[in-house]
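Engineer: I'd like to ask some things about the structure below.
Just so it is clear, none of the values below were taken in a lab; they were calculated from the coordinates. Everything numeric here is computed off the predicted structure, so don't read it as measured data. All Cβ positions, even for glycine, are placed from backbone atoms using ideal geometry, and neighbour counts span all protein chains on display.
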Amino acid sequence: MGTTYCVRYRPSVGCEDQHAIHQFIEEELKQIDLQMSTYREDSEVSRFNSSQSTELYPVSFETAFVVDLAQEIAEISDGAFDVTVGPIVDLWGFGPAGRRHSIPSDDEIQSVKRLVGYKNLIVQLSPPSLRKLIPTLRIDLSAIAPGFGADRVSDLLKSLGIQDSFVEIGGEIVTRGHRSGSDPWQIGIESPEDFKRSLKTVLALSDAALATSGDYRNFFLDSGSRFSHTIDPKTARPAIHSLASASVVASNAALADAIATCMMVLGKSDGLRLAEDNNWAVLLVQRSDNGFESSYSKPFEKVFPEVCRKIKAGQ
């Protein structure tokens with residue numbers, strides 16, 4: 001999937017062979033890579049993208065499952081989350097071809113908008129298959145597949161008898177059990193500062209997933225305006241608002257991954273409204289004249305009251 005991963009765990013009785021566990025993890029990730037990566041031409045997603053057929057295209061259940069979840073979030077968010085926006089991402093210079101030297105013209109933007117749209121994608125789970133309504137449609141699962149991969153590796157460790165584990169793929173995290181004794185895993189959330197790494201807050205997690213999206217790592221400036229890799233599918237332009245990062249805590253990392261991207265498209269007000277409507281635990285950090293300000297949904301405050309108390313106190 002073009003990213004890195006990190007796994008930490010406390011060995012259980014009968015699970016002391018670290019090399020064997022490493023091999024199991026590698027095989028699991030290799031399988032997901034073969035299904036959903038856009039970095040390899042032989043993956044299911046790449047082959048589906050290359051096809052010009054508008055008939056049902058057979059895929060693995062895992063790929064269909066991830067696309068089905070993506071489509072569910074697309075519907076809930078009225079298209080803010082859309083796995084078909086790859087051509088727009090490429091147009092703005094955030095794809096494999098690299099940076100542009102100028103902002104796309106209105107004609108270019110309107111032309112590429114005709115190539116995308118989640119409503120042009122059909123998914124069914126039985127039998128697992130995908131279908132395009134326009135031949136040129138293609139999908140990119142990079143905003144949800146790393147989270148799914150973290151979920152699968154976490155499930156794998158549990159199946160091996162490991163009760164306490166931390167799995168991170170591309171920044172998407174799944175925790176089970178405890179770090180030591182009865183202490184939960186301590187997960188740091190970065191402050192969304194350009195070209196600098198510092199800690200914004202720490203969340204104590206156990207049997208939960210966390211995903212964070214932001215605009216502070218992949219962006220460019222043009223004539224004083226900031227353009228990030230987060231694309232608003234409705235405008236076919238980078239989302240422009242004050243929101244710098246979104247962190248989401250959910251039952252699984254695939255869901256958290258998709259919601260975090262959704263928040264970055266919508267911005268603070270619309271994002272918080274959608275989070276409240278769907279009982280999503282989100283922490284948003286936006287830029288202001290005074291630096292950075294944090295806001296959060298009621299479900300987030302319910303789970304992390306002490307963190308929210310510190311935010312209110314300006315700590």
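Engineer: Figure the gain on full extension for Glu193 and Glu27 (residue separation times 0.36 nm, minus the Cα-Cα span) and round it to one decimal in nm. Before the final figure, lay out each step's value.
Structural biologist: Details: separation 166, 0.36 × 166 = 59.76 nm, distance 3.59 nm.
Full-extension gain reported as 56.2 nm.
Engineer: Here is a follow-up. Taking the Cα centre as origin and putting +1 on Lys and Arg beta-carbons and -1 on Asp and Glu beta-carbons, what dipole magnitude results for the chain, to the nearest 20 debye? List each step's numbers first, then the result.
Structural biologist: On the way: 32 positive and 42 negative charges, 129 e Å.
That gives the chain a dipole magnitude of about 620 debye.
Engineer: Once label points are set 7 Å from the Cα along Cα→Cβ at both Leu133 and Ala204, what is their separation, rounded to one decimal in nm?
Structural biologist: Taking the simple label geometry, Leu133 and Ala204 are separated by 4.8 nm.
Engineer: Compute the distribution of all C-alpha to C-alpha distances in the range 44-132, in bins of 5 Å from 0, and list the percent of pairs in each, rounded to whole numbers.
Structural biologist: So the P(r) values, bin by bin, are 3, 13, 20, 22, 19, 13, 7, 3, 1, 0.
Engineer: Ala253: net charge of surrounding residues, Cβ under 13 Å, Lys/Arg +1, Asp/Glu -1, itself excluded?
Structural biologist: -4
Engineer: Among Val282, Val303, Val67, whose mean-square fluctuation peaks in a Gaussian network model of the chain (Cα, cutoff 10 Å)?
Structural biologist: Val303
Engineer: Go through Ala70, Pro127, Thr54 and say which Cα lies farthest out towards the positive end of the charge dipole of the range 44-132; charges sit on Cβ, +1 for Lys and Arg, -1 for Asp and Glu.
Structural biologist: Thr54
Engineer: Take the Cβ-Cβ distance between Ser12 and Asn279 as r, set R0 to 41 Å, and report the resulting FRET efficiency rounded to the nearest 0.05.
Structural biologist: Numbers: r = 33 Å, r/R0 = 0.81.
Once rounded, the FRET efficiency stands at 0.80.
Engineer: Shifting gears a bit: Dividing the convex hull volume of the Cα atoms of the chain by its residue count, what figure in Å³ per residue is obtained? Could the numbers behind the result be given before it?
Structural biologist: Numbers: hull volume 44.0 nm³, N = 315.
With only Cα atoms used, the chain gives 140 Å³ per residue.
Engineer: Right, something else. How big is D for the range 15-61, in µm² s⁻¹ as a whole number, if Stokes-Einstein is applied with the Kirkwood radius of its Cα pairs at 4 °C and 1.567 mPa s?
Structural biologist: So the translational diffusion coefficient is about 105 µm²/s.
Engineer: Test of understanding: in a Gaussian network model of the chain with alpha carbons linked when under 10 Å, which of Ser53, Ser111, Ser245 would top the mean-square fluctuation ranking?
Structural biologist: Judging by the Gaussian network model, the answer is Ser111.
Engineer: Additional query: Summing -39500 (n - 2.57) over the DSSP H runs of n ≥ 4 in the chain and dividing by its residue number, what mean residue ellipticity at 222 nm do you reach, to the nearest 500 deg cm²/dmol?
Structural biologist: Using -39500 (n - 2.57) per qualifying helix, the result is -10500 deg cm²/dmol.
Engineer: Also, I was wondering about something else. Mind checking Rg over Rh on the range 1-105, alpha carbons, Kirkwood formula for Rh? Can you show the working numbers first?
Structural biologist: Working: Rg = 18.2 Å, Rh = 16.9 Å.
That ratio is 1.07, to two decimals.
Engineer: Got a sec? How would Ser154, Ser206, Ser191 order by Cβ neighbour count within 10 Å, fewest to most?
Structural biologist: Placing the least packed residue first, the sequence is Ser206, Ser191, Ser154.
Engineer: Quote the relative contact order of the range 151-312 in percent (integer), defining contacts as alpha-carbon pairs under 8 Å separated by 6+ residues.
Structural biologist: Values: 305 pairs, mean separation 26.1, N = 162.
16 percent.
Engineer: Which residue fluctuates most in the GNM of the chain (Cα springs below 10 Å): Glu26, Glu190, Glu72?
Structural biologist: The residue that fluctuates most here is Glu26.
Engineer: Once the convex hull of the alpha carbons of the range 151-312 is built, what does its volume come to per residue, in cubic angstrom? Display every interim value, and only then the final one.
Structural biologist: Numbers: hull volume 20.0 nm³, N = 162.
It is 123 Å³ per residue.
Engineer: Oh, and also: Can you give the direction-averaged projected area of the convex hull of the alpha-carbon atoms in the range 61-199, in nm²?
Structural biologist: Working: hull surface 48.6 nm².
Over every viewing direction, the Cα hull of the range 61-199 projects on average to 12.1 nm².
Engineer: Once you've got the Cα coordinates, tell me which of Lys30/Lys158; Lys132/Lys268; Lys200/Lys312 are over 21 Å apart. Before the final figure, lay out each step's value.
Structural biologist: Numbers: Lys30/Lys158 19 Å; Lys132/Lys268 33 Å; Lys200/Lys312 14 Å.
Violating the 21 Å Cα-Cα cut-off are Lys132/Lys268.
Engineer: In a shell of Cβ-Cβ distance under 15 Å around Lys310, excluding Lys310 itself, what net charge do Lys and Arg (+1) and Asp and Glu (-1) give?
Structural biologist: Numbers: positive: Lys200, Arg309, Lys312; negative: Glu293, Glu301, Glu306.
So the surrounding residues net to 0.
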